[in-house]
1. Using the structure shown, decide if A:L478 is away from every other protein chain (no Cβ under 14 Å), out of contact with any strand residue (DSSP E or B) (no Cβ under 7 Å at 6 or more places or on another chain) and assigned to a helix (DSSP H, G or I).
2. If I filter the range A:395-431 down to residues being hydroxyl-bearing (S, T, Y) and within 25 Å of the chain's Cα centre (by Cα), which single residue comes out as nearest to A:M365 (Cα to Cα)?
3. Mind checking which pairs have a first residue in the range A:378-391 that is basic (K, R) and a second that is crowded, with 23+ Cβ neighbours inside 10 Å, Cβ under 9 Å, 6 or more apart or different chains?
4. Return yes or no: is A:A440 closer than 17 Å to A:V517 by Cβ, modelled with pLDDT of 90 or more, crowded, with 24+ Cβ neighbours inside 10 Å and hydrophobic (A, V, I, L, M, F, W, C)?
5. Determine the pairs where a residue that is at pLDDT below 90, located within the range A:145-169, has a partner that is basic (K, R) with Cβ atoms under 7 Å apart, the partner being 6 or more residues away or on another chain.
6. Could you tell me how many of the residues in the range A:421-437 are β-branched (V, I, T) and either surrounded by fewer than 24 Cβ atoms within 10 Å (Cβ to Cβ) or in contact with a strand residue (DSSP E or B) (Cβ under 9 Å, 6 or more places away or on another chain) (or both)?
Amino acid sequence: MSVVAGHAPGAESTGAVSTGLTPLFVRLKLSLLKNGLRQSSGRRTAFIISAVLVLVFSAFLVLGLILLRETQYAPTVTVLLALVTAVAWAFMPLFFPSGDETLDPSRLVMLPLRPRPLVRALLAASLVGIGPLFTVCLAVGSVIAVAHGFAAAVTAVVAAALLVLTCLALARAVATANVRLLTSRRGRDLAVLSGLIIAVGIQFVNFGWQRLAATGGMSVLEPVANVVQWLPPASAVGAVHSMSEGAYGRGLVQLLLTLVVLAALLWSWERGLVKLMTAPDGSTIQAASDSARKESKAGLLTRLLPDGRTAATAQRVLRYIWRDPKTKGAWITSLAIGLIVPVFNALQGTGSAYWACFAAGMLGMQTFNQFGTDTSAFWMVATTISTVRDAYEELRARLLALLVITVPYTLLVAGVTTALAGDWSVLPEVLGLAFALLGALLAAGLVASALYPYSVPQDGTYKNVVPGQGSLAWMSLLVGLVVSTVVCAPLIALTVWLHVAGLTTWFLLPLGIAYGVLVTWIGLKVAAPRTAARLPEILAAVSKG
Amino acid sequence: MPDQAFDKAGGAHTAPPAAVRVQGLWKRFGDQVAVAGIDLELPAGKFIGLVGPNGAGKTTTLSMVTGLLRPDHGTVHIGGHDVWADPVQVKSRIGVLPEGLRLFERLSGRELLAYSGRLRGLPGDEVDKRATQLLDVLDLAGSQHKLVVDYSTGMRKKIGLAAALLHNPEVLFLDEPFEGVDPVSAQTIRGVLERYTGSGATVVFSSHVMELVESLCDWVAVMAAGQIRAQGTLAQVRGDAPTLQNAFLELVGANGHNPGDSLDWLGGGAPR
């Protein structure tokens, strides 16, 4: 289809359309917004609430930025704020793909539109909305906070516009480049993962905040800001600051840099649009990618394990951790938080090496509700389990798959945390305790999986339990945690006593490992007959999603 | 309506041993009785259709027969072995394709078969050999490395059938195997099943498409409202009725329910 790039016979008429395209698209965006709100009262309420919240927040933000004007931190804060905003805009379309129908280029593919006016019109249309309004407030507040003097004021006007436009162009360019991804199953999988970005992000913000508070404020961020002020679009704000300081040359370069990046983004967006609208898409390309997908090789684990249920199940579980967005999200969140919390605590000097047990705890919880992640596909397992031995092998194989990740990870976190805490002598006991805790959690998780299974819904980012099974899920996890702690109590008591008595503690490592293995084995032995006896009940419980 | 059971299949001939024997099977979900005490005797080596309207209890029955749902009362024997008391003997002898339950969709078609075969305890080489042949016959070889989550309904039914056949079961239970399947895939599935029963194995499948059952099955059980209304050879169940469809409507009590009078306003000639 060459309507976008090539010369069509009706070129004059398309030119006429192009001139009025920008207002047309803006009007289209407004009507879509209005009609969308008319559709349901729930949507209207949500829109009004979020609009009010954003307006209030924007007002406070602008006020805060203006107040910041008199302080020395203004350049640092505004530059970093601009960067964070740009990053947010870049990732937003990947995680929240729905919503902006005017900007879905595949809907415009049959219209006689030329790329340049189209980009202009789409850019203008994307200025309409709550998000852009917030960004405008932020940009205006930021430049007010740093602009001192006439030259800076003039630059500020340009810089604010550049900041907003670059953010929008960035979002559009990223979305267009990934539109195939966003409309595919992979894209929807990605959206499910967005929850973990937020979960991990909160940890970073939390620790970042504590660190700022601990080290005496913004001055730590200055070196970062010195680099970021050259990164577009934050460089636009940097330019205003440079002008205020009288560094006109530096300011001009920063402004130009932003302009160049904006132009580059628009150019790549335009190219992406042309390619998208003229190249064949998934509906016309035959399943050519089938052969592209390599035949998956048998992993190291399956070659090491004997052929049969153990290898097959372990491999399936590992594949699910990698391929199933829900499972992957849960694992990455656990891995990230399990590392961030001990390491950041150790970094702050407030934590001890014992925080490494936290990582073992986070990962140990992944054994809970083993069959829930199978969903109703658990029938395939249920039809092959006829003896307690089968159930034992099935659970053991799942455990092996988990250990492939948890054991090296626990070693890593314990090593890093101990190194940061600076006391290598406690490493053996930390590892011993961590493995004992891991073993206790694995055992509790297996028994809980057999006795209290529940469904994990496959859609929705934040839902991990089907309505009605929430209390079951929480209770099983809570009871499991309490039981695991109680099971580990003798070892903890022994550690404390050894310290008080001033005795050597290195033997806690082999003891902890042996304890963990023993407890896990007992857990397997308890869970296996219960699993074998409750197959229909487990299937019914995990099929509700 | 009283249970209108016929004599054992075959009549004059010596009856073949029952592949599946169900006695007094009950299942209740809350207040609703899904299966109300059914008795069934399904002969071995036959293509058996379990027919009935939606909500008749076909899926519940098949789930209980295959060990996926625990009955409130009653016993199920497959090849002479009790499904609930002797799962070792039963589970290796049956293949299942349930309706409304997922597969492990994040595996590719080939990986799913490899996984399923190894769970059944088959040697790896044998699994891979059989999987290759099944994928070829079921016309899935081109999509064998695609994830099952990206398969169409027909492809899912076919990969599910392949997984159910992989360990060469004696009895195959298929719940609505042709539901949502295009004619080409349906023909492929049909061909595989006919070859399978031709070798002496038993297929039990549920459906509400009478034409399909009439053309495929030599033995039929009719279910309605949780009860067996008739069972026997096709000819026995059809009786004097011109088609199985008519006999079926008669058996489930749907004949004579003519909506013509109450919808007199509907149609071109009627006043608006």
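The values are calculated or read from the model by the stated rules, or taken from the named source; none is laboratory data. Predicted model, so just to flag it, every value in this text is computed and none were measured. Glycine also receives a Cβ, built like all others from the backbone with ideal geometry; neighbour counts cover every protein chain displayed.
1. Details: away from every other protein chain (no Cβ under 14 Å): yes; out of contact with any strand residue (DSSP E or B) (no Cβ under 7 Å at 6 or more places or on another chain): yes; assigned to a helix (DSSP H, G or I): yes.
Against the criterion (away from every other protein chain (no Cβ under 14 Å), out of contact with any strand residue (DSSP E or B) (no Cβ under 7 Å at 6 or more places or on another chain) and assigned to a helix (DSSP H, G or I)), A:L478 qualifies.
2. Applying the first criterion (hydroxyl-bearing (S, T, Y)) to the range A:395-431 yields A:406, A:409-410, A:417-418, A:425.
Those left that are additionally within 25 Å of the chain's Cα centre (by Cα): A:406, A:409-410, A:417.
Working: A:T406: 11, A:Y409: 14, A:T410: 14, A:T417: 21 Å.
Top of the filtered list is A:T406.
3. A:R389/A:A528
4. On the way: closer than 17 Å to A:V517 by Cβ: yes; modelled with pLDDT of 90 or more: yes; crowded, with 24+ Cβ neighbours inside 10 Å: yes; hydrophobic (A, V, I, L, M, F, W, C): yes.
When the stated conditions are applied, A:A440 passes them.
5. What qualifies is A:A145/A:R69.
6. Quick first cut of the range A:421-437, residues β-branched (V, I, T) only: A:426, A:430.
Restricting the remaining residues to those that are either surrounded by fewer than 24 Cβ atoms within 10 Å (Cβ to Cβ) or in contact with a strand residue (DSSP E or B) (Cβ under 9 Å, 6 or more places away or on another chain) (or both) gives A:426.
So the answer is 1.
Yes/no matrix, rows are residues, columns are (1) modelled with pLDDT under 80; (2) out of contact with any helix residue (DSSP H, G or I) (no Cβ under 6 Å at 6 or more places or on another chain); (3) under 27 Å from A:L37 (Cβ atoms):
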residue: A:T76; (1), (2), (3): no, no, no
residue: A:V79; (1), (2), (3): no, no, no
residue: A:P93; (1), (2), (3): yes, no, yes
residue: A:D100; (1), (2), (3): yes, yes, yes
residue: A:S106; (1), (2), (3): yes, yes, yes
residue: A:A124; (1), (2), (3): no, no, yes
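Per-residue answers, yes or no, for (1) aromatic (F, W, Y); (2) on the phi < 0 side of the Ramachandran plot; (3) within 8 Å of chain A (Cβ to nearest Cβ):
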{"residue": "B:L68", "(1), (2), (3)": "no, yes, yes"}
{"residue": "B:G79", "(1), (2), (3)": "no, no, no"}
{"residue": "B:D86", "(1), (2), (3)": "no, yes, no"}
{"residue": "B:L97", "(1), (2), (3)": "no, yes, no"}
{"residue": "B:R102", "(1), (2), (3)": "no, yes, yes"}
{"residue": "B:E105", "(1), (2), (3)": "no, yes, yes"}
{"residue": "B:E111", "(1), (2), (3)": "no, yes, yes"}
{"residue": "B:L119", "(1), (2), (3)": "no, yes, yes"}
{"residue": "B:L122", "(1), (2), (3)": "no, yes, no"}
